[in-house]
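Reading through the structure tokens given below for one structure.
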Amino acid sequence: MDAALAELVERLGDSVRTDPATCENYRFDWARDPAAGTPLAVVRARDVAEVQETMRWAAAHGVPVVPRGAGSGLSGGSSAVDGGIVLSLERMRTIEIDVATRVAVVEPGAFNAEVKAAAAEHGLWYPPDPSSYEICSIGGNIATNAGGLCCVKYGVTTDYVLGLDVVLADGTLVQLGGKRIKDVAGLSLVKLFVGSEGTLGIVTRAILRLIPAQGTRSTLVATFPTVAAAAEAVVDIGRTLRASMMELMDAASINAVEDYRPMGLDRSAGAMLIAQSDAPGAACAAEIELMSASCVAAGAKEVFVTDDAEEGEMFIAARRATFPAIEARGAILLEDVGAPIPQLPALLAAIAGIAEAYTVEIPTVAHAGDGNTHPVVVYDPTDAAAKQRAAAAFDAIMAAAIALGGTITGEHGVGRTKKRALPDQLGPEAMALTRTIKSALDPRGILNPGAIL
């Protein structure tokens, strides 16, 4: 490959890096998949033309390409493969706000937080808000169809993608969708690429729908003696209203945060709910009152309500700190399973049962209002038996979610860490259709091989 690689360097110059230190730095995303390979080179593309050149070269030489954003993915979707190219979009970061049409035209390397800030300057809002919004890129959000804390009311990434520029496996650039709110011309190709994790094409530009800035919010924080009680409150609230946020932390995650960054949380609580309403005027107080009543009826130990934005944000910050806090306790396997909301109590009970059965610690947080849970399997990486039990528990949690009519991933993607469970959820017919689409768009299988399929 030396002569071929020299050809790529000639085309792209210093955008191509082959030094061992750089290649090592781009092997893993946050999932830290131990099976990650060592790339032949890293291409840090400056623009769409360089993405196209990379794909033309890769197609000509049959070299696999793994697209990468900020590297904050949690399912191994951007793990490097041996002898391949890691194609980083991190340098493509422009953001343009079109106020008249209420859209953001964004390159994939821009951070979610940067898009939010740019929109806010014009009184607009980009709602999708993963917990890692400060460090995750829009390209990665699109690749995994990322969600977040506000999605219970406002939806996930795909609900805000109006158009995409996508480079296909052979280097062809296709422009899909546009700044139109309504557009049903042709197949829904934009939606096909959202959530495809770089296996069908590489997003080089996105047109994102913006909405008016979120109104004043009231925050409710309720503590419960058990996770089951908190889950029942969530189900009851969901029967009558849709909160703008509904987050759950179990006892283990509460205490992990307090160990990591003391914030005054109730260590004795079995679970904590953090809910918000942004309904206008008197409707906000009415929603908070209904949520409070549901929490009390479910057995809440304490219900606290605040209209102070900064005070409410302190509790949300505690929720966002959960993953780094748990990671500080040892090696982790991070789940992303979901279930229909009425099945949330059963899913949380199943997770607790799996933790006991496999003698592993599994702190759990959840975007409870939409049934999306994040169990985190913690283990000692120096203990082979503990590592084996953790892997078995990880698989058991996915199986439990599927058995409840749920999903193995609500927002993090399948990547490489969960693909073995995908056939159990989708079934043979849907898997066959997925492979047909993959083969049609990437006949040589060079785009992110090993992810999803």
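The values are calculated or read from the model by the stated rules, or taken from the named source; none is laboratory data. A quick note: this is a predicted structure, and the numbers were derived from the prediction, not measured. No Cβ is skipped: glycine too gets one built from the backbone with ideal geometry, and neighbour counts run over all protein chains shown. To get the accessible areas, we keep the full protein, side chains included, count just its heavy atoms, and leave off ligands, DNA and RNA. Shrake-Rupley method; radii C 1.70, N 1.55, O 1.52, S 1.80 Å.
Please enumerate the residues belonging to the stretch 129-147 that are buried (at least 24 other Cβ atoms within 10 Å of the Cβ), assigned to a loop (DSSP other than H, G, I, E, B), in contact with a strand residue (DSSP E or B) (Cβ under 8 Å, 6 or more places away or on another chain) and of a type in the set (A, V, I, L, M).
Result: no residue meets the conditions.
Test each condition in (1) of a type in the set (Asp, Glu); (2) more than 29 Å from the chain's Cα centre (by Cα); (3) closer than 23 Å to Gly371 by Cβ for Asp250 and report the one that comes out false.
If we test Asp250 against (1) of a type in the set (Asp, Glu); (2) more than 29 Å from the chain's Cα centre (by Cα); (3) closer than 23 Å to Gly371 by Cβ, just (2) comes out false.
Hey, could you check the stretch 424-453 for residues that are over 22 Å from the mean Cα position of the chain (by Cα) and more than 29 Å from Pro39 (Cα to Cα) and say which is most open to solvent (accessible area, probe 1.4 Å)?
Only one residue tops the list, namely Glu429.
Going through Gly195, Gly215, Gly264 one at a time, which residue ends up being outside any helix (DSSP H, G or I), within 30 Å of Ser88 (Cβ to Cβ) and open to solvent by 10 Å² or more (accessible area, probe 1.4 Å)?
Being outside any helix (DSSP H, G or I), within 30 Å of Ser88 (Cβ to Cβ) and open to solvent by 10 Å² or more (accessible area, probe 1.4 Å) holds for just one of Gly195, Gly215, Gly264, which is Gly195.
Applying the selection to the stretch 102-111, what residues are more than 19 Å from the chain's Cα centre (by Cα) and crowded, with 23+ Cβ neighbours inside 10 Å?
Val103, Ala104
Take the residues in the stretch 233-261 that are small (Gly, Ala, Ser) and open to solvent by 10 Å² or more (accessible area, probe 1.4 Å), then tell me which one is farthest from Ile362 (Cα to Cα).
From the stretch 233-261, those small (Gly, Ala, Ser) are 233, 238, 243-244, 251-253, 256; that's our starting set.
Remaining after also requiring open to solvent by 10 Å² or more (accessible area, probe 1.4 Å): 238, 251-252.
Numbers: Gly238: 26, Ala251: 10, Ala252: 8 Å.
Filtering the stretch 233-261 for residues that are small (Gly, Ala, Ser) and open to solvent by 10 Å² or more (accessible area, probe 1.4 Å), the one farthest from Ile362 (Cα to Cα) comes out as Gly238.
How many residues are open to solvent by 50 Å² or more (accessible area, probe 1.4 Å), touching a residue at least 12 places away in the same chain (Cβ under 8 Å) and out of contact with any helix residue (DSSP H, G or I) (no Cβ under 8 Å at 6 or more places or on another chain) if we restrict to the stretch 274-307?
The total comes to 6.
If a residue must be open to solvent by less than 40 Å² (accessible area, probe 1.4 Å) and in a helix (DSSP H, G or I), how many such residues does the stretch 153-187 contain?
3
When the stretch 112-128 is examined, which residues are found to be on the phi < 0 side of the Ramachandran plot, open to solvent by 10 Å² or more (accessible area, probe 1.4 Å) and either at pLDDT below 95 or not acidic (Asp, Glu) (or both)?
Looking only at the stretch 112-128, we keep the residues that are on the phi < 0 side of the Ramachandran plot, and these are 112-122, 124-128.
Adding the requirement that they be open to solvent by 10 Å² or more (accessible area, probe 1.4 Å) leaves 113-114, 116-118, 120-122, 124-125.
Within the stretch 112-128, Ala113, Lys116, Ala117, Ala118, Ala120, His122, Leu124, Trp125 meet the criteria.
Residue by residue through the stretch 33-47, note down the ones that are in contact (Cβ under 8 Å) with a residue 12 or more places away in the chain and part of a loop (DSSP other than H, G, I, E, B).
Asp33, Ala35, Ala36, Gly37, Thr38, Pro39, Leu40, Ala45, Arg46, Asp47 - these are the residues of the stretch 33-47 that are in contact (Cβ under 8 Å) with a residue 12 or more places away in the chain and part of a loop (DSSP other than H, G, I, E, B).
If you check Asp165, Asp170, which single one turns out to be at pLDDT 95 or above and over 23 Å from Ala80 (Cβ atoms)?
Residue meeting the stated conditions: Asp165.
Kindly evaluate Trp30 against the criterion of being of a type in the set (Phe, Trp, Tyr), in contact with a Phe, Trp or Tyr (Cβ under 9 Å, 6 or more places away or on another chain) and surrounded by 15 or more Cβ atoms within 10 Å (Cβ to Cβ).
When the stated conditions are applied, Trp30 passes them.
Can you give me the number of residues within the stretch 7-56 that are within 26 Å of the chain's Cα centre (by Cα) and of a type in the set (Asp, Glu)?
Total satisfying the criteria: 4.
Kindly evaluate Val99 against the criterion of being farther than 25 Å from Trp30 by Cα and either within 18 Å of the chain's Cα centre (by Cα) or surrounded by fewer than 18 Cβ atoms within 10 Å (Cβ to Cβ) (or both).
Here the answer is yes, as Val99 does meet what is asked.
All but one of (1) on the phi > 0 side of the Ramachandran plot; (2) buried (at least 24 other Cβ atoms within 10 Å of the Cβ) hold for Leu87; state the number of the condition that does not hold.
Against the list (1) on the phi > 0 side of the Ramachandran plot; (2) buried (at least 24 other Cβ atoms within 10 Å of the Cβ), Leu87 comes up short only on (1).
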